[in-house]
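So the structure is just underneath, and the comments pick up after that.
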Amino acid sequence: MSKVKSSLAKLPLNRYFDVMMLIFLAVFPMFVKEFRVEMMGRYICYAIFALSLDLLWGYTGLLSLGHAVLFGIGGYLIGISYQIQNGVVPAFMQREGITEIPWFYLPLQNPIVAAVLGVLVPALFAALIGYFAFSSKIKGVFFTIITLALAQIFKDFIINVQKYTNGFNGLQSIKRFAINGSAPLSKTTYYYIILGIAVLVFLFCLWLTNNRVGKVCTSVRENEARLGFLGYDAGAFKILIYTISGAIAGLAGVLYAPATSTITTEDIGVTASTMVVIWVAVGGRGNLTGAVFGALLVNWAQSILSEHFSSVWQLIIGVLLLAVIYFIPNGIIGQLVNLQRRFITDKQKNKLSEEPVQAAAVVKATPHN
Amino acid sequence: MSMEELRSGSDILTIRGLTVSFSGFRAISDVDLDVKEGEIHVIIGPNGAGKSTLMDLITGKTKATEGDILFRGQDITGKAPGVIASKYHIGRKFQGPNVFDNMTVYENIEIALGGFTSIRKAFCYRRKAEQKQKIEEVLKQINLYEQADMMASELAHGQRQWLEIGMVIAQSPELIILDEPAAGMTDTETFKTGEMIKELAKEHTLIVIEHDMEFVEQIADYVTVLHQGRKLAEGPFSEVKNNRKVIQVYLKDDMDEEGD
């Protein structure tokens, strides 16, 4: 009896919200112009990116201010792939006197290889940073500062090695996965591919966070010191979740660059890293739904406001952001989940205190029957 | 010395010449301690006697300057907390509730379950009948069965203390260390906690740090008194409570407290 009640109580509101969002996104292309579909595809990539940060920040309590580095590595790898198709040396390399494709770019000629590397390299990079940060007991705000520095260094690095990355200008005409000379995928087809992958990533995150590994990560957020005395190596779990988060961020980048056909240093630095933090903060941390919803909402708000109020839209976004953080620090979805949770707990508390009364009532009632 | 001989059984924990100094200050100084299998060994002493520091040394939170700590004859001095918890099965409840606040009572106990602490084992962990039974058993033992779905942060102070005791039990430790388990509890809660501890002693060995003398009398098989980092006396409670040196230290301490 109590088990049925508790399992019903555990069905959080946001899971219904997930289904509604999915239905909305699935039918979206049928009702809007193609450029809107393209936009939404891009925002779904952002949502995947936001999910990767939610695993790290929302669930494990590790705030990264350099997450766009991992996103950027994915985007740049697929971007380079489309600069060097058919063995052509791109113009920006020729200008610097490079006549042959550098050996380390050769495997990237195949977009599929580039895409796979776009997931693996960020994962390895995160594992490496995680290894140095977490095995030397770097905690809390110091991790955040390191990642912030990382974002700046990485951006400078990409700009400095101009002959390999085209510096400031970034990479253009990235095709929507045209393979072996075939035509690129249509915008709508690509949209559904992004959506499909996003659903898989979401389900993976859902599984992971309900797995014991995810719960251990949540315990790291709650009380890392306590976890050590339960026999866990918290550092190992932190490296693991950072690595997984890196892979997902890289995947988001791999999908994103072809969706907009460009990737530039604007997409990889501190600003881009701060944006993803804002999306997750607005949507709500630690429930996955919030990350996705926040990414979609903030980006739509941005584009619509910039279309209608081209001069003051940034101000409006800023005010909205402050309002959310001040009035609902748990984010929009986080607030909904909390309200539901409080409602259920109150009901349970009432039940707990009512039960003896009911029992007494039954005893009293029996003689009359 | 005569009482010493009456204690039977082998040592689960043997401490010899344990010393730790923090920038010159000797928090623990040349302490010997024997904890026998299956007993409730209570450590008492005035504030600053080094009780919690001694527990920090046993559980690996602090590294000893000198001396040895043996768990069933194996040297565990200076090992990492995770190793001491998972390999040697020493579980510890900290002073003041130290739980995972924004997780449910059930999740708190589940995370503490022993034997699934490596990444690989955590990935493969499934909540099978055996685990469910163990978790429910623990929840009943600590009187929190009805509260399983509540967040730890929603519990009352005493219940949070119990939850942490439950987490320690769920680790299936062989030696349980409880640091002031009844701190901040009402008299009824304190008594319940005492009974809980006695129940635990049927299957585990316990080291308990405590202030409350009535509570010590309720649970203690054997008492060690620390004072200023040194061992002052040891023996059964009835003997220790009449020890002249102990009375002196405690009276002095009580007078100090009244003086405050």
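The values are calculated or read from the model by the stated rules, or taken from the named source; none is laboratory data. In this text, all values refer to a predicted model and were calculated from it rather than measured experimentally. Virtual Cβ from ideal backbone geometry, glycine too; neighbours counted across all protein chains shown.
For segment A:59-118, a residue qualifies if it is farther than 29 Å from A:Thr218 by Cβ and among the β-branched types (Val, Ile, Thr), and the qualifying residues are A:Ile78, A:Ile80, A:Ile84, A:Val88, A:Val89, A:Ile98, A:Thr99, A:Ile101, A:Ile112, A:Val113, A:Val116. For first residues located in segment A:116-136 and part of a helix (DSSP H, G or I), partners that are among the charged types (D, E, K, R) and lie 6+ apart or on another chain with Cβ distances below 8 Å form the pairs A:Gly130/A:Lys238; A:Phe134/A:Lys238.
State whether the residues of segment A:217-232 include one that is within 12 Å of another protein chain (Cβ to nearest Cβ), assigned to a helix (DSSP H, G or I) and among the β-branched types (Val, Ile, Thr).
So far as segment A:217-232 goes, yes, one or more of its residues are within 12 Å of another protein chain (Cβ to nearest Cβ), assigned to a helix (DSSP H, G or I) and among the β-branched types (Val, Ile, Thr).
Scanning segment B:133-158 for residues that are of a type outside the set (Phe, Trp, Tyr), free of Cβ contacts under 8 Å to residues at least 24 places away in the same chain and within 10 Å of chain A (Cβ to nearest Cβ) gives B:Glu146, B:Glu154.
Checked against (1) of a type outside the set (Lys, Arg); (2) surrounded by 14 or more Cβ atoms within 10 Å (Cβ to Cβ); (3) part of a loop (DSSP other than H, G, I, E, B); (4) away from chain A (no Cβ under 13 Å), B:Asp101 meets all criteria but (4). Being more than 7 Å from chain A (Cβ to nearest Cβ) and assigned to a loop (DSSP other than H, G, I, E, B) is the filter; apply it to segment B:115-132 and report the residue that is surrounded by the fewest Cβ atoms within 10 Å (Cβ to Cβ). Ranking the qualifying residues of segment B:115-132, first place goes to B:Arg126. For B:Val83, the requirement of being farther than 30 Å from A:Arg341 by Cβ and facing chain A (nearest Cβ under 9 Å) is met. All conditions but one from (1) within 15 Å of A:Leu63 (Cα to Cα); (2) within 11 Å of another protein chain (Cβ to nearest Cβ) apply to A:Tyr242; the one that does not is (2). Against the conditions (1) within 14 Å of chain B (Cβ to nearest Cβ); (2) in contact with a His (Cβ under 7 Å, 6 or more places away or on another chain); (3) polar (S, T, N, Q), A:Ser273 satisfies every one except (1).
Can you confirm whether segment A:187-208 contains a residue that is modelled with pLDDT of 95 or more, in a helix (DSSP H, G or I) and at the interface with another protein chain (Cβ under 10 Å from one of its Cβ atoms)? Yes, segment A:187-208 has at least one match. Scanning segment B:34-52 for residues that are within 14 Å of chain A (Cβ to nearest Cβ), touching a residue at least 12 places away in the same chain (Cβ under 8 Å), of a type outside the set (Lys, Arg) and crowded, with 17+ Cβ neighbours inside 10 Å turns up at least one hit.
Evaluated against (1) at pLDDT 95 or above; (2) out of contact with any helix residue (DSSP H, G or I) (no Cβ under 7 Å at 6 or more places or on another chain); (3) of a type in the set (Phe, Trp, Tyr), A:Phe142 falls short on exactly one condition, (1).
Among residues that are out of contact with any helix residue (DSSP H, G or I) (no Cβ under 7 Å at 6 or more places or on another chain) and among the aliphatic types (A, V, I, L, M), A:Leu206 is included. Counting residues in segment A:76-91 that are under 20 Å from A:Ala149 (Cβ atoms), buried (at least 24 other Cβ atoms within 10 Å of the Cβ) and modelled with pLDDT of 95 or more gives one or more.
Elements of the type helices (runs of 4 or more DSSP H) sitting completely within segment A:34-111 and holding at least 1 residues that are more than 15 Å from A:Ile263 (Cα to Cα) and out of contact with any Lys or Arg (no Cβ under 6 Å at 6 or more places or on another chain): these cover A:34-53, A:91-95. In summary, B:Glu107 fulfils each of the numbered conditions (1) closer than 18 Å to A:Glu222 by Cα; (2) in a loop (DSSP other than H, G, I, E, B) with the single exception of condition (2). Taking the criterion of being in contact (Cβ under 8 Å) with a residue 12 or more places away in the chain, of a type in the set (A, V, I, L, M) and either surrounded by fewer than 14 Cβ atoms within 10 Å (Cβ to Cβ) or within 26 Å of A:Val337 (Cα to Cα) (or both), the residues of segment A:10-43 that qualify are A:Leu13, A:Met21, A:Leu22, A:Leu25, A:Ala26, A:Met40. Which members of segment B:82-97 meet the condition of being touching a residue at least 12 places away in the same chain (Cβ under 8 Å), surrounded by fewer than 19 Cβ atoms within 10 Å (Cβ to Cβ) and at negative phi? Passing the criteria: B:Val83, B:Gln95.
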